[in-house]
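**Student:** Supplied in structure tokens, the structure appears directly below.
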Amino acid sequence: MSQIDCDTKDEVINPQELTSCKVVDYMKLVDKFGCHIIDNTLLEKFEKVTGKKAHVWLKRNIYFSHQDLDTLLDLVADGKEIFIYTGRGPSSNSMHIGHLVPFMFAKYLQDAFNAIVIIQMSDDEKYYARDSVSLDECNKLAYENAKDIIACGFNPLKTFIFSNLETVGGSLFRNIVHLMKTTTGNQIKGAYGLNLSNPIGQITWPMFQIAPAFSSSFENIFHKKNVTALIPMGIDQAVYFRTARDFADKMKYPKPATIHSKFLPGLEGINTKMSSTSTNANSVIFLSDNAVTIKKKIGLSFSGGKNTLIEHRLLGADLSVDVAYQYLTYFLEDDDKFQQITTDYSSGIMTSGQIKQILVDLLVELVNTHKKNRDLIDAIVLRQFFDMTKNDL
Ligand code: TRP
């Protein structure tokens, strides 16, 4: 796909275009999408209402933007139930660490709000989008990827994972039908950049991603209760939930609240996105990578350190382009340590090699723990999560 510079593009940006942006100006997107920055006042409110410390990804502006998070916190403060909705297009056998970010965050939100989590596995979406994979294969990948998702620690009693291919029907399909009735082809063309030469599956797809944002889609879970959704997502998915919020107005449904994240960059540079279809295999840390491979890949990652040690000690590193440092903003939770590293690396006291080693240790630990948790997931556990009624429990 050709690369575009989002900065110079004025019309609405759709998920395909956004993921291929050379430089993403996140602040411009916030304006364009009618979202709001998550500021300290909102984080204080979050901590007060949930009684939990704000996740470092909130504090470090990785989850940086929202719609109606404050209103949702008011609901929670009033004792109202909410639910979390997220999803995954099961596109590859081996997920990478960037894929884990939204699920680690959803699990955190589950704990913070003690909420039900609904996870859509969009095997249909990926089948429409790719020529090289069969429908059976997409469905199989939904289960493989679900193991990686479950390994993030979701509560089996409060988490519902479903494959669209197997599940769409009943109350969920009723909302899809309402969406299909109230959305025109021109709206889809305008918002998602699709046209009449796209497969109809792609054109109708947004309806399938939007419908689970409403509790009325899951009668067997929420019965007739009106429960508001909180949807954490990569900013590239924001367009779906703008449509969802317009639809909520029309149907008098509760408007979903959203939280948006930035992209985890690829290892070759800060202005790339970690992608399993990248032509550069060294740009991606797969969950299946071993310690040696992780060390090698991080060793090759783009550094903001200076070329010679003398120069580095004198001038320090450019943290804004240093991939290993940027990864520490994601994966080093300890704020004191992180602050120390920020000071010492930018002033040249710490070297690029030291930063990379700290990151390697963290990622090896993360990937190993993940593997261990994933290995515990057998057919019975999978069935528990995919059982929309939880009747068998
Ligand atoms: N479209 C998303 C992807 O390509 C998957 C997805 C389905 C999703 N439903 C969602 C993401 C709800 C966020 C929220 O991976």
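**Student:** Over region 144-303, what is the relative contact order in percent, taking alpha-carbon pairs closer than 8 angstrom and at least six residues apart?
**Tutor:** With pairs under 8 Å counted, the relative contact order is 15 percent.
**Student:** Give the separation of the Cα centroids, region 309-365 to region 143-220, in Å.
**Tutor:** Spelled out, the Cα-based centre of one part sits 40 Å from the other.
**Student:** While we're on this one: Which length gain, in nm to one decimal place, applies between residue 388 and residue 195 when the Cα-Cα distance is subtracted from 0.36 nm times their residue separation?
**Tutor:** 66.0 nm
**Student:** In addition: At a 10 Å Cβ-Cβ cut-off, how would you order 214, 222, fewest neighbours first?
**Tutor:** Values: 214 27, 222 18.
Exposure proxy ranking, most exposed first: 222, 214.
**Student:** Sort 35, 152 so that the residue with the fewest other Cβ atoms within 10 Å of its own Cβ comes first and the one with the most comes last.
**Tutor:** On the way: 35 22, 152 19.
In order of increasing Cβ crowding within 10 Å: 152, 35.
**Student:** Return the percentage of antiparallel bridges among DSSP beta bridges fully within region 8-160, rounded to the nearest 5 %.
**Tutor:** Numbers: 2 of 10 bridges.
Just about 20 percent of them are antiparallel.
**Student:** If you don't mind, another one. For residue 295, which lysines qualify as cross-link partners when the Cα separation must be under 17 Å and same-chain residues fewer than eight apart are set aside?
**Tutor:** Correct list for residue 295: 356.
**Student:** Stretch residue 186-residue 94 to full length: gain in nm at 0.36 nm per residue minus the Cα-Cα span?
**Tutor:** Full-extension gain reported as 29.5 nm.
**Student:** Expected output is a single nm value to one decimal: the length gained when fully extending between residue 220 and residue 354, i.e. 0.36 nm times separation in residues minus the C-alpha distance. What is it?
**Tutor:** Numbers: separation 134, 0.36 × 134 = 48.24 nm, distance 5.26 nm.
43.0 nm is the gain from fully extending residue 220 to residue 354.
**Student:** Something else: Take every DSSP beta bridge with both residues inside the chain and express the antiparallel ones as a percent of the total, to the nearest 5.
**Tutor:** Taking every DSSP beta bridge with both residues in the chain, the antiparallel ones total about 25 percent.
**Student:** Taking H as built 1.01 Å from N, whose amide H comes closer than 5 Å to the amide H of residue 159, not counting residues under 5 places away?
**Tutor:** When sequence neighbours closer than 5 places are left aside, the close amide H contacts are 117.
**Student:** Can you sort 219, 125 so the residue with the fewest Cβ neighbours within 10 Å comes first?
**Tutor:** Listed from fewest to most nearby Cβ atoms, that is 219, 125.
**Student:** On a 19 Å Cα-Cα criterion, which of the cross-link pairs 52/80; 181/250; 147/371; 59/372; 48/158; 52/107 come out too long?
**Tutor:** 59/372; 48/158
No value in this document is a laboratory result; all are computed from the given coordinates. Just so it is clear, the structure is predicted and the values come from calculations on it, not from any experiment. Virtual Cβ from ideal backbone geometry, glycine too; neighbours counted across all protein chains shown.
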